[in-house]
Structures are given as C-alpha cells and as structure tokens.
Amino acid sequence: LNRGITMSVACDWLITDIRIASLTDNGAPYGQILDGVIAIRGDALLYVGEAAGAPIFAARQVLNGGQRWATPGLVDCHTHLIFGGNRAAEFEQRLQGIDYQQIARQGGGINSTVNATRAASETELLSSAMARAQRLLAEGVTTFEVKSGYGLDVANEVKMLRVGEQLAHQLPATVCRTFLGAHALPAEFKDSADAYIDHVCAEMIPLIAEQGLATAVDVFCESIGFTPAQCERVFVQAKAHGLAIKAHVEQLSDLKGAVLAAKYGALSVDHLEYLAPEDVPVLKEHGAIAVILPAAYYFLHETCKPPIDALRAQGVKMAVATDLNPGTAPMASILLAMNQACVLFGLTPEESLRGATHHGALALGLKKKGVLAAGMDADLLLWDVSHPAELAYAINFHQPRYIWQAGIQRLASGAIIEPAALSQKESV
Ligand code: DI6
Ligand code: FE
C-alpha cells in the first residue's frame, strides 16, 4: 500500500475541460455540468461530473476537450434502413397529387419496395443498408434500430434480419433488430389478411424468436395496414415468445392502436399524428414511449399533428427518430429529425435532444444508454457548439468532433482510431 501517496483511480480515458449535457434529471437544463470531466473505463462511464471534487485519475489516454459540449451518443430508435430499390417515381406521383394511401391500394408503396427487396441478394441489401447507416453514424448515432417488413415471407424477412445482424457485427454501433412482418399485405395473400396474420403468428414469430433474429415485433395498425384485432394477435404471440412490442399507430387515422399497444406493454407507440388527446393518459399509465417521426409528416404533407401538448402535460416521454425508409422518410439525418420535431411540432431543442438520446434508448428497452452518468455505457460525443440547443437549431452545420462508442474512439466515418496513433496526435 502506498501510504502517504494520494491514491489515483485507473481509467482508460480522461476527458477534461468540457461542458456536459448529461441529460440526467439533475435539475439543470440539459442536465448540464459546466466545468466537467468524464472518465471511461472499458466500455462504461466511470465518472461524469464537476472537475472540482473529481478523484485523481491515472488515465491511459487524456483528451483536453477545449470547452466543447459532451452529449450522449445519438439514438435513432425507429428506422427501416434495409431495403431494395427506391421510390423516387412514387415521390413524383405524389407531387402530382396522388396520395400515399391511393398508391398503396394500387399495389405500389410498401409493396413496390417488397418486390425490390425480394429481388435483392443479402449482399446487395447489406451494402446499401451499410451506406445509409454510415450517414447516421457520421452524425453521431451510436445506437439505431432496424426493422424488417419489406420481405413479408419467411425467407425474405429472415434475409432482412440477417442483414441487420451483419450491420450489428460490422459497424461500431449498437443495432437493435425488430420484426415487422405485419407491415403490409403481400400480394400472395391478397384479400386474406387474416390468413397472412396466421402465417406471421404461426411460422414467422416462433422462428425469429428461436433464432434470436429480433428482440421486438412491430405492426402497422392502419386502414392500409392491419386492423387492431389483427395487431392484437401479433402482440399476443410476441409476448408468448418473449419479444418486446412496438407499433406504428395513428399515423394516417385514429384506430385506437396506441391504446391497444400500450395495454400490451409496448415499449413504444410510434407516429401518433391522429392520437386523440384523451387517449394520452393510457400511454402514461402503461409507460409507453411516444416516438415522434416528423419526417413522415413532412414528406406526406400531413396536416394533423401529434398531440404534443397533451403528451407533455401528461408526462409521456417523447422520443424522436428518423423513420428512415424509401417511402415516407427518405432522410438519413437524426439531427434533421430533431430540427423538424421543433419546427413542425413545437418540441423544445432540449426535448428533441432527449428524444434522440435518453428517450430513444428507452423506446428500445435500453436502460444503460442515452444519459451520461457513472455506470452507463460509454457512448458519447464532443461537439463544437457553444450551446446544445444548436444541435436542433441549425441544419447540416454540425458533426461531432470526437466520438466514443462502447468506450472505443472512432471517426465520423466509422473508422476506429488506434490508441497508439491517437496518443501521438494528441500529444503534439
Ligand atoms: N409507416 C411509415 O411511415 C413507413 N412504414 C409505416 O408503417 C413507411 C414505409 C414505406 O412507405 O415504405
Ligand atoms: Fe416506420
């Protein structure tokens, strides 16, 4: 024992001279800590707090943050970024006045992406999905979700989820996979939606659960999707197989899908443009996260907005995500989704940042992500901004200057920074 010598605490990274938007509930806006220090050990945060009063650290690497702002790594909790083809031709049709639901009823929309996705090989899907995911990573996304739902048969749903598994293996990010078999009715089951739901429940869910290809199921509860009764059958089967529940609800009309999903213990209810304010207390009661997806509202020229005031007044936690997909949200930018949530729906910049960090993580059932505090996962970003509100305020101004995911530093490109090379650079 080194008696008489101040004991120091070993860590892998010590980041000094930073301002921290911790997003904890410490009573300050953004959970801010103005004269902050962060220590990382392994893949976890060891210390997040004031420099004054911090232990003395013996760090393998030290970075002076130069008064930059630290935030948690961004979380995009709702994407459909694995798909074949694109829908630019449908975009042109919609600009000529044909609406999304009309296109879907004529066999286009989601089903046109199903055709392109079925035709694509696993390798092709992986490379296009990888490129989209890299756009998210470049903005500081350290966790994102991917949904299936463009395969709509056993082989192709499994193919999509395998691509998700590959993304998880190959990217420096946490990738959650969700099974969205009940996304649209495939052509083979025309006029027999109940038979397709039978197939989803009897064949797909057991297989996907058994093979660990997804941790959650999702549904599209809508006139052009599935009825609440059909969605309920999916929820029952998901629960029986230990899968979490998520749901696309009240996007285009009010079928009371959010109330139904919340009663089944859904992690999140997503979209909510047509959610009735009187149904909001049910979301609060069951602890469902309200996932706000302003890109779909924007691209569809929707005019009905989610009941943000009621959600806020009832204390329902709101997440913000891209919904990245080829139909209603061809947009690979979580920072733009945050901006849209503010401009289109009236979230505050702080709510939008919480939505794309802490609440996004909760919408995925991840309790160790999305806030900066000791014991949480070491996913964090340093930004060249003078206030965290700037992240939602300006479009295409910002990219994180430093990124750590699971305690490993990486570049915006996703490339891992080798510790040796880094310490040389930083010591100059
Ligand atoms: N709602 C959406 O916004 C996406 N899926 C859904 O259920 C759109 C998917 C698409 O149009 O391809
Ligand atoms: Fe979606």
Name the single residue, out of those in segment 213-237 being touching a strand residue (DSSP E or B) at 6+ places or on another chain (Cβ under 9 Å) and part of a loop (DSSP other than H, G, I, E, B), that is farthest from residue 289 (Cα to Cα). 213
Of the residues that sit in segment 276-305 and are in a loop (DSSP other than H, G, I, E, B) and in contact with a strand residue (DSSP E or B) (Cβ under 6 Å, 6 or more places away or on another chain), which one is farthest from ligand 1 (Cβ to nearest atom)? 288
Subset tally (residues that are in contact (Cβ under 8 Å) with a residue 12 or more places away in the chain, aliphatic (A, V, I, L, M) and more than 16 Å from ligand 1 (Cβ to nearest atom)) for segment 96-139: 6
Could you please tell me which pairs satisfy a Cβ distance under 7 Å, a separation of 6+ or placement on different chains, a first residue in segment 252-264 that is closer than 21 Å to residue 242 by Cα, and a second residue that is open to solvent by 60 Å² or more (accessible area, probe 1.4 Å) and in a helix (DSSP H, G or I)? 260/232; 262/286; 263/286; 264/239
Can you name every residue in segment 134-160 that is within 16 Å of ligand 2 (Cβ to nearest atom) and not acidic (Asp, Glu)? 136, 144, 146, 147, 148, 149, 150, 151, 152, 160
Has segment 198-206 got any residue that is within 22 Å of the chain's Cα centre (by Cα) and either over 19 Å from residue 145 (Cβ atoms) or within 16 Å of ligand 2 (Cβ to nearest atom) (or both)? no
Selection within segment 256-275 - under 21 Å from residue 297 (Cα atoms), assigned to a loop (DSSP other than H, G, I, E, B) and within 16 Å of ligand 2 (Cβ to nearest atom): 272, 273, 274, 275
Of the residues that make up segment 233-243, is at least one on the phi > 0 side of the Ramachandran plot and more than 13 Å from ligand 2 (Cβ to nearest atom)? yes
Every pair of residues 6+ apart whose Cβ atoms lie under 6 Å, when the first sits in segment 326-346 and is open to solvent by 20 Å² or more (accessible area, probe 1.4 Å) while the second is in a loop (DSSP other than H, G, I, E, B) and within 14 Å of ligand 1 (Cβ to nearest atom): 332/324
Of all residues being within 28 Å of residue 97 (Cα to Cα) and within 16 Å of ligand 2 (Cβ to nearest atom) in segment 302-319, which is least open to solvent (accessible area, probe 1.4 Å)? Just the residue, please. 306
Identify all residues within segment 323-359 that are within 15 Å of ligand 2 (Cβ to nearest atom), closer than 22 Å to residue 21 by Cα and touching an Asp or Glu at 6+ places or on another chain (Cβ under 7 Å); write none if there are none. 334
Just one listed residue, out of 211, 230, is open to solvent by 10 Å² or more (accessible area, probe 1.4 Å), of a type in the set (S, T, N, Q), under 30 Å from residue 128 (Cβ atoms) and touching a residue at least 12 places away in the same chain (Cβ under 8 Å), and it is 211
Looking at segment 287-316, which of its residues are small (Gly, Ala, Ser) and in contact with a Ser or Thr (Cβ under 8 Å, 6 or more places away or on another chain)? 288, 290, 295, 296
Being within 12 Å of ligand 1 (Cβ to nearest atom), in contact (Cβ under 8 Å) with a residue 24 or more places away in the chain and not hydroxyl-bearing (Ser, Thr, Tyr), is that true of even one residue in segment 48-57? no
Checking residue 385 against (1) buried (at least 21 other Cβ atoms within 10 Å of the Cβ); (2) touching a strand residue (DSSP E or B) at 6+ places or on another chain (Cβ under 7 Å), only one condition comes out false. Which one? (1)
Would you say residue 155 is crowded, with 24+ Cβ neighbours inside 10 Å and either among the hydrophobic types (A, V, I, L, M, F, W, C) or not in a helix (DSSP H, G or I) (or both)? no
Which one of the conditions (1) under 21 Å from residue 82 (Cα atoms); (2) part of a helix (DSSP H, G or I) does residue 340 fail to meet, given that it meets all the rest? (1)
Suppose we filter segment 82-112 for residues that are away from ligand 2 (no atom under 16 Å from the Cβ), touching a helix residue (DSSP H, G or I) at 6+ places or on another chain (Cβ under 8 Å) and β-branched (Val, Ile, Thr); how many remain? 1
Among the candidates 375, 414, 370, single out the residue that is open to solvent by less than 40 Å² (accessible area, probe 1.4 Å), at positive phi, touching a residue at least 12 places away in the same chain (Cβ under 8 Å) and touching a His at 6+ places or on another chain (Cβ under 7 Å). 370
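The values are calculated or read from the model by the stated rules, or taken from the named source; none is laboratory data. These numbers come from a predicted model, not from an experiment. So basically every Cβ, Gly included, is an ideal-geometry build from the backbone, and we count neighbours across all protein chains shown. All accessible areas refer to the heavy atoms of the entire protein, side chains included, with ligands and DNA or RNA removed. Shrake-Rupley method; radii C 1.70, N 1.55, O 1.52, S 1.80 Å.
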